[in-house]
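Trainee: Have a look at this one.
Every read-out reported here was derived from the displayed coordinates using simple, explicitly stated rules and does not represent laboratory data. The model shown is predicted, which means the values in this text are computed figures rather than measured ones. Heads up, the Cβs are rebuilt from the backbone with ideal geometry, glycines too, and the neighbour counts pull from every protein chain shown.
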Amino acid sequence: MTAPVMASIVRPVKTRRNGGSPRPSERVELGQFIVADPAICHGRLTFKGTRVFVADVLADVERGLSWDFIVQRWGSGKITKAAVAEAVRLARTALLNQDGLLAARSLRPSLPNAA
């Protein structure tokens, strides 16, 4: 079974005065589980129906926590493993093209130097 292809979503955005990342001026659904809504958590990406930040869940994945633990950690099942998978998939597509190379639209993150 293949994952459905998500259509590109282009919505008006407001740029923050301090030069930070733009935020949506209206609700943007990025998939089945993830939304950016200016009325919820100032437009930061959250899982639908929650105030759980996608960035926090991705940080847990980065730390190597099990997905079962992550699901329980964030409200005893308010998010599902399928929602975590969608967040990882969206992060991957934001960085990589279909060939696994750096996507032209992504910015190369500045990583701390290895000690």
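Trainee: Check which residues have an amide H placed less than 5 Å from residue 96's amide H, if you skip close sequence neighbours.
Mentor: 103
Trainee: Let me check I've understood the local charge: for residue 86, count other residues with C-beta under 14 angstrom from its C-beta, Lys and Arg +1, Asp and Glu -1. What total comes out?
Mentor: Working: positive: 48, 81, 89, 92; negative: 29.
Value of the local net charge: +3.
Trainee: Around residue 63, what is the net charge, scoring Lys/Arg as +1 and Asp/Glu as -1 over all other residues with Cβ under 15 Å from its Cβ? Don't skip to the end; give the middle numbers.
Mentor: On the way: positive: 73; negative: 56, 60, 62, 68.
Net charge around residue 63: -3.
Trainee: Suppose every K and R has +1 on its Cβ and every D and E has -1 on its Cβ; what is the size of the dipole of the range 22-95 about the Cα centre, in Debye to the nearest 20? Mind dumping the intermediate values first?
Mentor: Numbers: 11 positive and 8 negative charges, 9 e Å.
Magnitude of the dipole: close to 40 debye.
Trainee: Please compute the Kirkwood hydrodynamic radius of the range 22-95 from all pairs of different C-alpha atoms, in Å with one decimal.
Mentor: Details: mean 1/r = 0.0810 Å⁻¹.
For the range 22-95, inverting the mean 1/r across all distinct Cα pairs yields 12.3 Å.
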